[in-house]
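As structure tokens, the structure follows; a few thoughts come after it.
Please treat every number below as a calculation from the coordinates, not as lab data. Quick caveat, the model's predicted, so the values are computed rather than measured. Ideal geometry is used to build each Cβ from the backbone, glycine not excepted, and the neighbour counts take in all protein chains shown.
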Amino acid sequence: MDIPALIYKNRFGDEIDFRNRMWKTLCEDFFQRYVPQTASVVDVGCGYCEFINHIRCAKKIAVDVNPDAKKFAKVGVEVIISDSTDMKAVRDDSVDIVFMSDFLEHLTREGIIGTLREISRILRPKGRILMLQPNIRYCMRDYWMFFDHVTPLDDRSMSEALKATGFEVTECRPRFLPYTTKSRLKDFAFLLKAYLKMPFLHRIFGQQAFIVAEKRG
């Protein structure tokens, strides 16, 4: 097992049940509103497929460099083991929604731009990126607690990168979810449904940004 895969396993291997419950709630109570059930969806940097397993849509594709992703994908999810800058198994202009969670901070700036350009290639015109991203403005103290974080990002720099690669930001919530499942809020996962309905709590606990961007043209 390579180092990134081993780090991911050590970090989340004992949280699989918890994270599946968390993502089921996040998909049902929040992300589903952005994803038509007729949509073709690609989850880039899918990890253990928590999002793509729970979102309801017509076609599901999970992309990751870690072969372990195949072990966690449910029936109906196509898993592509590939770098995010070269998703050649996905056709041009064939995807409605691309989802990314806690992914781009693991890449260099060149990797981020390459990934966004590749996403632009596979998205249909007016297709959308849904992005959940640690916001260093609000989690600076703990941003580097993870060995594989490479590039510091906030909602403003991420919006700038999106615009530079042919996207229009249509929604930006600088503070949405807590930074990590390893926070003290992990013990209150059963309150997630209520948290999602109370935006004033997002302004207190939110350290991740949620951004929606549309492919221009």
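Figures for the structure shown
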{"read-out": "The stretch 52-178 - charge dipole about Cα centre, Lys and Arg +1 at Cβ, Asp and Glu -1, debye rounded to 20", "value": "460"}
{"read-out": "Hits among aspartates and glutamates - C-alpha to C-alpha of K126 under 19 Å, sequence gap 8 or more where chains match", "value": "D43, D92, D93, D96, E118, E160, E168, E171, E214"}
{"read-out": "Protection proxy ranking of 146-157, 43-54 - average other beta-carbon atoms within 10 Å, highest first", "value": "43-54, 146-157"}
{"read-out": "All-pairs alpha carbon distance profile, the stretch 20-76, 5 Å steps from 0, percent", "value": "4, 22, 30, 28, 13, 4"}
{"read-out": "Lys, Arg +1 and Asp, Glu -1 on Cβ, resulting dipole of the chain about Cα centre, debye, nearest 20", "value": "640"}
{"read-out": "Positive minus negative residues near K59 (Lys, Arg vs Asp, Glu; Cβ under 11 Å)", "value": "-1"}
{"read-out": "Along principal axes, Cα extents of the stretch 30-119, largest first, whole Å", "value": "33, 27, 26"}
{"read-out": "Listed pairs K74/K193; K24/K74; K24/K71; K59/K215; K193/K215; K70/K163 exceeding 22 Å between Cα atoms", "value": "K74/K193; K193/K215; K70/K163"}
{"read-out": "The chain pair-distance distribution - Cα-Cα, 10 Å bins, rounded %", "value": "8, 36, 41, 15, 0"}
